[in-house]
Structures are given as structure tokens and as C-alpha cells.
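The values are calculated or read from the model by the stated rules, or taken from the named source; none is laboratory data. The structure presented is a predicted model; accordingly, all values stated were derived computationally and were not measured. In this analysis, Cβ positions are derived from the backbone assuming ideal geometry, glycine residues included, and neighbour counts consider all displayed protein chains.
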Amino acid sequence: MIINFSDLFEFAKEKDSKNIPNLTEERIYSFSDKLSNYSKVPVFSGSTLNKGVIGYVPNFIKEQKNNQLFSTTNHINYYNNYNESITIVADGNAGHMFYRNKMEFPVFCMNISCIALFNRKIIEIKKRYSDFDGLDLKWFFLKYRNYILNQVKGEGVQHFTKKIYKNIYIEVPKLEIQKKEKKVLKKAYELEDKLNKLNKMLTKLSHKYLVMPKDVVGDVHIINYFLKHTSRNDVLSKEGLYLRSKDLDKFKEKITVASGSNDWFYGYTPKKKDLHYIANKPCLHVITRGQAGKIHFFKQGTYATNTNAMLLTLKDEKLAELNITSEEEQKEYLKFLKFYLEPFFRKCVSQADLSVLPLTEIISKETLFFPKMDNNIKESVKVFDKLTNALETTKILKKELSNLTSKECLSS
């Protein structure tokens, strides 16, 4: 049967609590000196890290009353998880769900960026849905976590609001069918969890600094001694790119435009002299705003960037100093520089600004050891190519698995 999302649950929102100050990180920290004298109660937030737990507050509750959803002590709301519950991120990573079993989280608190869902009484639901015979909350979480997440759309800071969940309708089969489906869905969830852990491990490895072997030959130079940057193009905004793309058919050559996004492809523009671009060369695409410091290797082509990225190429007159004797070796060396420079650039971002990489300033002032092209570099590139391929494979598998569950293709 099809049931409205809001008819299934009792909703608890800290936003609705009057005269109760929000459990900000600062307020949570103010209770830290009392944690040794009381049991700890987790505070759920709008974060997805650490299962959404932002910190802990003391359990000031002296007595738990049965069937009472929450109690307030010392201007803190404590939510009693007698059976089980689900929490949903309301702001930021909006729509992301966590299943909370009563053994791990018998009592919890929330800040205003979180919503808690508790099973509504069957007798209340049957008033509107006579065939309803129960809801297995773990089944609901496994079945609809990706579907609910996909209901929150739009750019900027996202919110999971009453307007959204009032318009969500889901299919709820008989309880017996839910329990059968749960076994299959649990296996998919466990596989996705393993893929997430593998993805994190591979990502962490890809961000490691490369340690040069002692016998590597090379020299220390200012970065722009070997590398040339191609400036961004402020005129290639969405509107600017759209207007220019209208003339694509009138030009023999076009430029691939890269943005400051991890999914870098932005579009095409006619090849005109008023743009900063590189032609018929392999290069490195460096994100300077947002995921600042992230680098992509681009094979030979003609490229330009919008406001949030720049391009780096090897200077033709310096190739011999690096023992680069062919186009293939030039590609190999740029691939090597991708994983060699990325951790360094990320460090520069953290020292300068949380979201901006001053690339032109860095490459004109900072020095690095530049090894000459040899078999060590070629072997390193092979290893990092395998790492990159493994990382991409885990992302693809995770996306495919997510699509299967969100489209409800997994069943008993």
C-alpha cells in the first residue's frame, strides 16, 4: 500500500522546542568538565561524520518515565529511544538518514540541524490505512535511505523540510514481506559500507606525500622554472559560455572548458584569441576555489578554464633538463606531477585559506625538488594509475549499488 511519509512517524525537532538553547559545539564543550561524574549522552547534528555525533553531554535525567518521548533537564532535551528510531539531517547534508538502535543509543540529544523519527502507533496509522500491519524501521531505513536523500534537491545549503516530507509517498508492504526484503537489503548495505571504507582508504593513500628514493637524480627549483601556468577566464561564466557556444558551428576549432568542479567538464567554446588557453598539449588542471588543490591530468588537447581553475604545462625549453625525450614521457611526467604536487598544493590551501589556492603566487615563490625522468618515475606512475583506477571503480560500484536501492531493484 502507498502511505504518506508523515503518517508513518512521530517527528521530533529541536527547532520546535521553546526556550531551549541550541546544542552548539561551544555549549556542548561547556559541559565537558561534568562528563566524568555522569553517563555520556550523544548529541546528533547535521554532520554525517562519526555517525552524526557532534559531541556528548552529561545525562542529568534522574528518572526515566516509560513511553515519554523526551524529558527536559538543565535546559537540555533528552530523547528516549525505547525501541528504535531514525534521525535525518535537516540542514547541510539534508536527507541523510541514520538508523539508531536502542542498544547503542538508548538516550540521545539533538541540535537544530537534526530530526528524529519514531514509529507512530499502529492503531493510529490503521485509522487511515486499514491494511497496515506494522513497519520494520530497519527495513524502512535500508529500503528508502537513498530514495529519501534524493528528494532533497537544489544548490547551496540544502534543507529537509516539512514541505518536502509532506509530499513523499512510499510503498509499505505487509510486515512479513518487509522482513524477507530486509535480509537482502542488509547484504547490499554491508557491501556499500565495505566500498565506503575501501574508498576512504584509497583516497587517504592518494593524498599521501611521495617519498623520493635516495638515489633519484634531480634539482631544487622554483616551481615555475619548469612549469608554466595558463590563467583562468572570468568571461567563461555560465552565461558567457552559453553566448559563445552559439557560434561553435562557425569555427573550425573549439576549446574544451574545464571548471573548478571535481566533475570538471564545463562545455565547449570557439577558439578565439581573447581567451587564455593551451593548444594541443597535455596539461594539469588545478582547482583554485572550492576543492582547492585538487589536480586532474588532461591528455593532449586544447583547454581553457573558468574562474575557479588554472592549467599547468611543462615548458618546452626545459624538457631536456628533465630527461624528457618524447611526448609519451611528457605525459608520464605530468601524471607523476599530479600526485607529487597535489598534497603540496592542498597544504598551501590549509595555510593560506580554507577554499582558495593562490596558484600564481605559489609557483613563483615556492621551491620543490624536481627529479629527472627515469624508470622510478615510470614505475611510480603505474602504481598511482592502479590506485586511481581502483578509486574510480569503488565510486562506480557505490553509485550503481545506490541506484539499485533507490530504484527499489533489490528485493527478496
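There is no residue in segment 272-286 that is surrounded by 15 or more Cβ atoms within 10 Å (Cβ to Cβ) and either part of a helix (DSSP H, G or I) or outside the structural domain of Thr230 (by TED's automatic domain parsing) (or both).
In summary, Gly134 fulfils each of the numbered conditions (1) in the same structural domain as Ser85 (by TED's automatic domain parsing); (2) at negative phi with the single exception of condition (2).
Do the conditions hold for Ser380, that is, is it assigned by TED's automatic domain parsing to the domain that holds Leu284 and of a type in the set (Gly, Ala, Ser)? Judged against the criteria, Ser380 is not a match. Of the residues examined, Gly293 is one that is modelled with pLDDT under 95, touching a helix residue (DSSP H, G or I) at 6+ places or on another chain (Cβ under 8 Å) and of a type outside the set (Phe, Trp, Tyr).
Among the residues of segment 111-135, those that are touching a Phe, Trp or Tyr at 6+ places or on another chain (Cβ under 9 Å) and either acidic (Asp, Glu) or without any contact (Cβ under 8 Å) to a residue 60 or more places away in the chain (or both) comprise Ile122, Lys126. Evaluating Thr313 against the criteria (1) within 15 Å of Ile223 (Cβ to Cβ); (2) surrounded by fewer than 18 Cβ atoms within 10 Å (Cβ to Cβ); (3) among the polar types (S, T, N, Q) leaves one unmet condition, (2).
Looking only at residues in segment 127-144 that are surrounded by 20 or more Cβ atoms within 10 Å (Cβ to Cβ) and of a type outside the set (Phe, Trp, Tyr), the one that is nearest to Ile2 (Cα to Cα) is Lys143. Restricting Ile168, Ile123 to those that are under 20 Å from Gly46 (Cβ atoms), at pLDDT 85 or above and not assigned by TED's automatic domain parsing to the domain that holds Lys187 reduces the list to Ile168. Tell me yes or no: at least one residue of segment 143-150 is at pLDDT 90 or above and polar (S, T, N, Q). No: segment 143-150 contains no residue that is at pLDDT 90 or above and polar (S, T, N, Q).
Pick from segment 316-345 the residues that are under 21 Å from Phe384 (Cβ atoms) and of a type in the set (S, T, N, Q): which of them is surrounded by the most Cβ atoms within 10 Å (Cβ to Cβ)? Restricting to residues being under 21 Å from Phe384 (Cβ atoms) and of a type in the set (S, T, N, Q), the top hit is Gln330. Right, Gly52: in contact with a Leu (Cβ under 8 Å, 6 or more places away or on another chain) and in contact (Cβ under 8 Å) with a residue 40 or more places away in the chain or not? When the stated conditions are applied, Gly52 does not pass them. Counting only strands (runs of 3 or more DSSP E) that sit wholly inside segment 43-99, those with at least 3 residues that are touching a Lys or Arg at 6+ places or on another chain (Cβ under 9 Å) and not basic (Lys, Arg) are 53-58, 84-89. In this entry, Thr360 is excluded by the filter for residues that are farther than 27 Å from Val235 by Cβ, modelled with pLDDT under 95, loosely packed, with under 15 Cβ neighbours inside 10 Å and not charged (D, E, K, R).
The criterion of being under 21 Å from Tyr225 (Cα atoms), in a helix (DSSP H, G or I) and either assigned by TED's automatic domain parsing to the domain that holds Leu243 or touching a Ser or Thr at 6+ places or on another chain (Cβ under 7 Å) (or both) holds for Phe344. Does Lys34 fit the bill of being in the same structural domain as Leu137 (by TED's automatic domain parsing) and outside any loop (DSSP other than H, G, I, E, B)? Considered against the rule, which asks whether it is in the same structural domain as Leu137 (by TED's automatic domain parsing) and outside any loop (DSSP other than H, G, I, E, B), Lys34 comes out as yes. Check segment 65-76 and report whether any residue there is in contact with a strand residue (DSSP E or B) (Cβ under 7 Å, 6 or more places away or on another chain), modelled with pLDDT of 85 or more and either of a type outside the set (D, E, K, R) or surrounded by 14 or more Cβ atoms within 10 Å (Cβ to Cβ) (or both). Within segment 65-76, one or more residues are in contact with a strand residue (DSSP E or B) (Cβ under 7 Å, 6 or more places away or on another chain), modelled with pLDDT of 85 or more and either of a type outside the set (D, E, K, R) or surrounded by 14 or more Cβ atoms within 10 Å (Cβ to Cβ) (or both). Picking from residues in segment 35-63 that are exposed (fewer than 13 other Cβ atoms within 10 Å of the Cβ) and farther than 27 Å from Leu149 by Cβ, the one that is modelled with the lowest pLDDT is Glu63.
Evaluated against (1) part of a helix (DSSP H, G or I); (2) touching a residue at least 60 places away in the same chain (Cβ under 8 Å), Lys138 falls short on exactly one condition, (2). Taken together, Thr313, Thr307 contain a single residue that is at pLDDT below 90 and not in a helix (DSSP H, G or I), which is Thr307. Scanning segment 241-268 for residues that are closer than 16 Å to Ala309 by Cα and either outside any strand (DSSP E or B) or over 24 Å from the mean Cα position of the chain (by Cα) (or both) gives Leu241, Ile255, Thr256, Ser259, Gly260, Ser261, Asn262, Asp263, Trp264, Tyr268.
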